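The values are calculated or read from the model by the stated rules, or taken from the named source; none is laboratory data. Everything numeric here is computed off the predicted structure, so don't read it as measured data. Virtual Cβ from ideal backbone geometry, glycine too; neighbours counted across all protein chains shown.
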Amino acid sequence: MKVRKAVIPAAGLGTRFLPGTKALAKEMFPIIDKPTIQFIVEEAKKSGIEDILVVTGKGKRPIEDHFDSVPELEQNLKEKGKDDLLELVQQTTDINLYFIRQSHPRGLGDAVLMAKDFVGDEPFVVMLGDDVMDDKVPLTKQLIDRYEDTHASTLAVMKVPHEEVNKYGVIDPISEPKSGLFDVKQFVEKPDVDKAPSDLAIIGRYLLTPEIFEMLETQAPGAGNEIQLTDAIDRLNKIQRVFAHEFKGDRYDVGYKFGYLKTSIQYGLTHPEVKDELKAYIKEIASQLD
Ligand code: G1P
């Protein structure tokens, strides 16, 4: 069955970015000129996804507005002959987006469970907004290609520094991967650094079969007393195979301050309007730093 649907959980409170997130959803923080969630939606589009459900919470209305048309602005740009800007504004409306509100966030697993009716009986992808991915073939497309071969749930993983494994879901691989695909013994959410089964962390892209919802409906709270998607996936792996696909591209974590800053710099270095000035500026200040 073709993978057509994606779920983007975006109900988090953004406490790591306070006070910036008091009135503005963190998904709307721009990297130069583009809200972080737009990078995720663009990856979905490039991967052939047709319908996206965004699981939102309080204060997330600007996300809906961002992907809606703005007739007055569009008219104004048209009259002034600013066709390139008009195209930028209109591009964001070219996708079917659906929204559901999660009134009491109880963890990632719980947010994904809100997508049960939207997904129905199809395989689907979950895309986390804090992870911006860059590769020749979009990571979501890589997972879809894997699914077309295996018809099994597949998560994206990446090697991370050992001392950081406690920030992630981590896999216990059964053996060396076969062409980048691991069989997995166990999926563990946020293990202690000295107990982690590997340094292969789950990064924010999951291709899941609909059976995940049966697991989520009965999932007890885990790490941080939250309903963890990783725990439900570990149980799914006991009844159907769940693979891990190693991502070799670039991953930018915009979910914490320094990651957000790094992503802005990296994107700035490729952005036609600012890249030359930014390069010169970095060189200038680098020579003055001790
Ligand atoms: C979530 C998942 C975790 C995953 C991580 C990737 O954690 O629970 O398994 O490794 O995203 O970014 P969070 O960052 O929401 O704590």
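I'd like to check something: does segment 191-201 contain any residue that is crowded, with 21+ Cβ neighbours inside 10 Å, out of contact with any Pro (no Cβ under 7 Å at 6 or more places or on another chain) and not small (Gly, Ala, Ser)?
no
Could you list, in sequence order, the residues of segment 130-152 that are under 11 Å from Lys46 (Cα atoms), of a type in the set (A, V, I, L, M) and surrounded by 21 or more Cβ atoms within 10 Å (Cβ to Cβ)?
Leu139, the sole residue that qualifies.
Name the single residue, out of those in segment 119-130 being under 15 Å from the mean Cα position of the chain (by Cα) and modelled with pLDDT of 95 or more, that is farthest from Leu208 (Cα to Cα).
Within segment 119-130, the first condition is being under 15 Å from the mean Cα position of the chain (by Cα), and the residues that meet it are 124-130.
Still in the list and also modelled with pLDDT of 95 or more: 124-128.
Details: Phe124: 6, Val125: 6, Val126: 8, Met127: 11, Leu128: 14 Å.
Among those that are under 15 Å from the mean Cα position of the chain (by Cα) and modelled with pLDDT of 95 or more, it is Leu128.
Give, as residue ranges, the helices (runs of 4 or more DSSP H) completely inside segment 1-102 that count at least 3 residues that are free of Cβ contacts under 8 Å to residues at least 24 places away in the same chain. Even if it seems obvious, please write down each step before you answer.
Details: elements: 36-46, 61-66, 71-79, 83-91.
Because the criterion is at least 3 residues that are free of Cβ contacts under 8 Å to residues at least 24 places away in the same chain, the helices (runs of 4 or more DSSP H) in segment 1-102 that meet it are 71-79, 83-91.
Which condition from (1) touching a residue at least 40 places away in the same chain (Cβ under 8 Å); (2) more than 20 Å from the chain's Cα centre (by Cα) is the one that Thr218 breaks?
(1)
List, please: which pairs have Cβ atoms under 9 Å, are six or more places apart or on different chains, and start with a residue in segment 261-275 that is in contact (Cβ under 8 Å) with a residue 60 or more places away in the chain and end with one that is part of a helix (DSSP H, G or I) and β-branched (Val, Ile, Thr)?
Thr263/Thr36
Can you pull out the residues in segment 167-180 that are surrounded by 16 or more Cβ atoms within 10 Å (Cβ to Cβ) and either within 10 Å of the ligand (Cβ to nearest atom) or under 20 Å from the mean Cα position of the chain (by Cα) (or both)?
Pass one, segment 167-180, residues surrounded by 16 or more Cβ atoms within 10 Å (Cβ to Cβ): 168-173, 177.
Listed by number, the residues that qualify are Tyr168, Gly169, Val170, Ile171.
Going by what's in this entry, would Ile239 be described as under 28 Å from Lys5 (Cβ atoms) and surrounded by fewer than 17 Cβ atoms within 10 Å (Cβ to Cβ)? It would help to see each step written out before you state the result.
On the way: under 28 Å from Lys5 (Cβ atoms): yes; surrounded by fewer than 17 Cβ atoms within 10 Å (Cβ to Cβ): yes.
It is true that Ile239 is under 28 Å from Lys5 (Cβ atoms) and surrounded by fewer than 17 Cβ atoms within 10 Å (Cβ to Cβ).
Tell me whether segment 206-228 contains one or more residues that are out of contact with any His (no Cβ under 7 Å at 6 or more places or on another chain), of a type in the set (Phe, Trp, Tyr), away from the ligand (no atom under 16 Å from the Cβ) and within 18 Å of Pro123 (Cβ to Cβ).
First pass over segment 206-228, keeping only residues out of contact with any His (no Cβ under 7 Å at 6 or more places or on another chain): 206-228.
When the remaining residues are screened for being of a type in the set (Phe, Trp, Tyr), the result is 206, 213.
If we keep only those that are away from the ligand (no atom under 16 Å from the Cβ) too, we end up with 213.
Filter once more, keeping what is within 18 Å of Pro123 (Cβ to Cβ): 213.
The answer is yes; a qualifying residue exists.
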